[in-house]
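For reference, the structure discussed in these notes is given below.
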Amino acid sequence: MTLPFDISPTQPVLIAGPTASGKSALALDIAERQGGVIINADALQVFDNWRVLTARPSPEDEARAPHVLYGHVAGDEIYSVGHWLRDVTPYLNGAKRPIIVGGTGLYFTALTEGLVEIPPTPDTIRQEADQRRADEGNHAGLLAELDAEDPETAGKIDRLNPMRVQRAWEVLRATGRGLAAWQADTPPPLMPLANCCPVLLEADKDWLNARIAQRFEIMLAQGALDEAQANLAGWNPAAPASKAIGAPELIAHLRGEMGLEEAKEAATIATRQYAKRQRTWFRARMKAFHKISLPCAEIADS
């Protein structure tokens, strides 16, 4: 595999891209050629109860190069970007250079731009905000309170985005301090972009959609349905690990709520929608990354 630019064997590498774009194969290739430890930056691959369905590296791949932060969290545990930053820190200046790979844009943003940890919003406040939006028909009431009580934040957020407005309102109610004030205290990043080689795989939509459909078939052949069966008894749709793409659909199939073909189609559609959200984030937040357009001869078969 030949990249369109050089990477120093001592330089940390970041590899981001949408699901099914070949990120893990590229990371493994770099690790085998130049050395390094492959570090997971995918919010779903951290969980131990979905290996096949989250496309974690196989045991064979893990034997070819060191891999860390894969499957190290119980499926019923809460795991945030703050947890990930704490877990990744020891590897950033270790004996082996880090090769950080994944599809969770927030992990890369927090790593390279810094992250302020805002206290979690109590359920009662979130439920109040949800109920107000439902009762009022929109987020105008929440926005009006923000305008009056936290004009700094109100002037910076996307005022047309109801979830952004609600999040800002919740932070103000929960902490007594505006979101903009919290963000102003963001600490320095653990790994500035200038200190590493950041790579973004940009995939053609049709090419990627075909790979997504093919990969789900491969997952089924590799035991994804058996994996779902193992998770059936303790299935909790609210658990963080239950957000694994395809998990709700396979569980529904096992419960007799939909046929296998229907579950496959629904899971494939959900994966395509997830990939679209990833691409939107990457375009907005990763403009300084080195871009590799896919398909290309070097990576298309990965």
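The values are calculated or read from the model by the stated rules, or taken from the named source; none is laboratory data. Quantities reported herein were computed from a predicted structural model and do not represent experimental measurements. Neighbour counts run over all protein chains shown; Cβ positions are idealised from the backbone, glycine included.
Summed over region 163-179, the residues that are among the hydrophobic types (A, V, I, L, M, F, W, C) and surrounded by fewer than 18 Cβ atoms within 10 Å (Cβ to Cβ) give a count of 2.
In the set Gly35, Gly22, only one residue is assigned by TED's automatic domain parsing to the domain that holds Trp207 and over 15 Å from Pro98 (Cα atoms); that residue is Gly22. Only a single criterion out of (1) closer than 20 Å to Ala20 by Cα; (2) out of contact with any helix residue (DSSP H, G or I) (no Cβ under 9 Å at 6 or more places or on another chain); (3) part of a helix (DSSP H, G or I) is not satisfied by Lys291, namely (3). Filter region 254-270 down to the residues that are surrounded by 16 or more Cβ atoms within 10 Å (Cβ to Cβ) and touching a residue at least 12 places away in the same chain (Cβ under 8 Å) and list them by number. Passing the criteria: Leu254, Ala263, Lys264, Ala266, Ala267, Thr268, Ala270. Quickly run through region 1-30 and pick out the residues that are in contact with a helix residue (DSSP H, G or I) (Cβ under 8 Å, 6 or more places away or on another chain) and of a type in the set (Gly, Ala, Ser). Scanning region 1-30 gives Ala16, Gly17, Ala20, Ser21, Ser24.
Looking only at residues of region 109-166 that are in contact (Cβ under 8 Å) with a residue 24 or more places away in the chain and of a type in the set (Val, Ile, Thr), we find that the one that is nearest to Gln278 (Cα to Cα) is Thr109. Every condition in (1) in contact with a Pro (Cβ under 9 Å, 6 or more places away or on another chain); (2) outside the structural domain of Phe47 (by TED's automatic domain parsing); (3) outside any helix (DSSP H, G or I) holds for Tyr70 except the one numbered (2).
Annotation note: of Tyr107, Tyr70, the sole residue that is of a type in the set (Phe, Trp, Tyr), in contact with a helix residue (DSSP H, G or I) (Cβ under 6 Å, 6 or more places away or on another chain) and buried (at least 17 other Cβ atoms within 10 Å of the Cβ) is Tyr107. Scanning region 31-54 for residues that are buried (at least 23 other Cβ atoms within 10 Å of the Cβ) and either under 19 Å from Gln222 (Cα atoms) or modelled with pLDDT under 95 (or both) yields Leu44, Gln45, Phe47, Trp50, Leu53, Thr54. Here Pro248 clears all of (1) surrounded by 17 or more Cβ atoms within 10 Å (Cβ to Cβ); (2) under 20 Å from Gly71 (Cα atoms); (3) out of contact with any helix residue (DSSP H, G or I) (no Cβ under 8 Å at 6 or more places or on another chain) except the condition numbered (3). Since Arg56 meets every condition but one in (1) closer than 24 Å to Pro295 by Cα; (2) touching a residue at least 24 places away in the same chain (Cβ under 8 Å); (3) part of a loop (DSSP other than H, G, I, E, B), which condition does it not meet? It is condition (2) that Arg56 fails.
Put simply, of Leu260, Leu200, Leu208 the only residue that is at pLDDT 95 or above and more than 22 Å from Leu28 (Cα to Cα) is Leu260. Just to be sure, is Ala263 assigned to a helix (DSSP H, G or I) and of a type in the set (A, V, I, L, M)? Yes. Taking region 86-104 as the range and being buried (at least 18 other Cβ atoms within 10 Å of the Cβ) and part of a helix (DSSP H, G or I) as the test, the residues that pass are Val88, Tyr91. Taking region 113-216 and the helices (runs of 4 or more DSSP H) fully enclosed by it, the elements with 2 or more residues that are among the β-branched types (Val, Ile, Thr) and over 30 Å from Pro98 (Cα atoms) are at 123-136, 162-175. Residues of region 167-204 that are free of Cβ contacts under 8 Å to residues at least 12 places away in the same chain and out of contact with any helix residue (DSSP H, G or I) (no Cβ under 8 Å at 6 or more places or on another chain): Gly176, Ala184, Ala194.
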